[in-house]
Amino acid sequence: MNPSFNQPQPAVPQTSAAFIGASWVALLVGFAAFNIGLWNATMALNEKGYYFTVLMYGLFAAISVQKSVRDRLEGIPVTNLYYGISWVSVLLTVLLLTVGLWNATLTLSEKGFYAMSFVLSLFAAIAVQKNTRDSLKRESVEQAPLG
């Protein structure tokens with residue numbers, strides 16, 4: 001029998017609609033800006049593919065870090081291997097984007113544009129994942145039968 005089953009669940013604070021909306025807008029703006037920049041860029045198609053892949057890998061890695069950190073805080077088992085791979089993946093995407101932009105024949109403003117839209121997208125993906133998880137947890141607490 002799980003000893004924590006009968007213990008009351010702590011109240012989950014409700015995330016404001018403004019923060020949820022701002023998180024989604026930031027994710028969509030960062031993702032769209034990065035991809036519109038790639039679409040309009042005069043670089044080779046393989047270079048565009050490289051940057052797109054780094055963005056998608058970065059989004060996945062950021063969400064994975066958020067989930068594994070949150071799981072650990074909530075007592076849900078996460079292996080050290082997965083936790084470590086998640087962090088290495090985020091750092092690797094930042095490194096891959098940095099090396100790619102460093103060696104690219106782009107103006108400094110273009111390099112800054114890609115870097116900032118990438119970072120905005122990663123941060124927003126973490127915020128959206130957090131909001132989604134908070135909403136699901138709040139719903140499960142509210143639907144739980146009272147003692």
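FYI, it's all coordinate maths here, none of it is from the lab. Keep in mind that this is a model prediction, so the values were computed, not measured. Glycine gets a Cβ as well: all are built from the backbone with ideal geometry, and neighbour counts include every protein chain shown.
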* Cα-projected label distance for K111 with I36, points at 7 Å along beta-carbon direction, nm -> 2.4 nm
* Evaluated at 37 °C with a viscosity of 0.692 mPa s, what Stokes-Einstein diffusion coefficient in µm²/s does the chain have when Rh comes from the Kirkwood expression over alpha-carbon pairs? -> 189 µm²/s
* With springs connecting C-alpha atoms under 10 Å apart, model the chain as a Gaussian network and identify which of F123, F60, F19 has the largest mean-square fluctuation. => F19
* How far is helix 108-143 tilted off the main Cα axis of the chain, in degrees rounded to 10, range 0 to 90? -> 10 degrees
* Obtain the nm distance between the two label points defined at A44 and V29 by a simple spin-label model: each point lies 7 Å from its Cα along the Cα-to-C-beta direction. => 3.5 nm
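Taking 8 Å as the Cα distance limit and 6 or more residues as the minimum spacing, I'd like the relative contact order of the chain as a percentage.
After rounding, I find 46 percent.
Given charges of +1 on the Cβ of Lys and Arg and -1 on the Cβ of Asp and Glu, with all other atoms neutral, how large is the dipole of segment 17-136 about its Cα centre, in debye to the nearest 20?
120 debye
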* To do: Consider a paramagnetic label point 7 Å from the Cα of A104 along Cα→Cβ; state which residues of segment 48-75 have an amide N under 15 Å from it.
  => 48-58
* Pop out the ³J(HN,Hα) list for segment 34-50 in order, Karplus 6.51 cos²θ - 1.76 cosθ + 1.60 with θ = phi - 60°, rounded to Hz; leave Gly and Pro as x. => 4, 6, 5, x, 5, 4, 8, 6, 9, 7, 5, 4, 5, 5, 4, x, 4
* Starting from the Cα of K137, draw a straight line to each of the lysines and keep only those under 27 Å, dropping any in the same chain fewer than 8 residues away. => K67
* Structure fact -> Each label sits 7 Å from Cα toward the beta-carbon; between S135 and S16 the label points are separated, in nm, by 1.8 nm
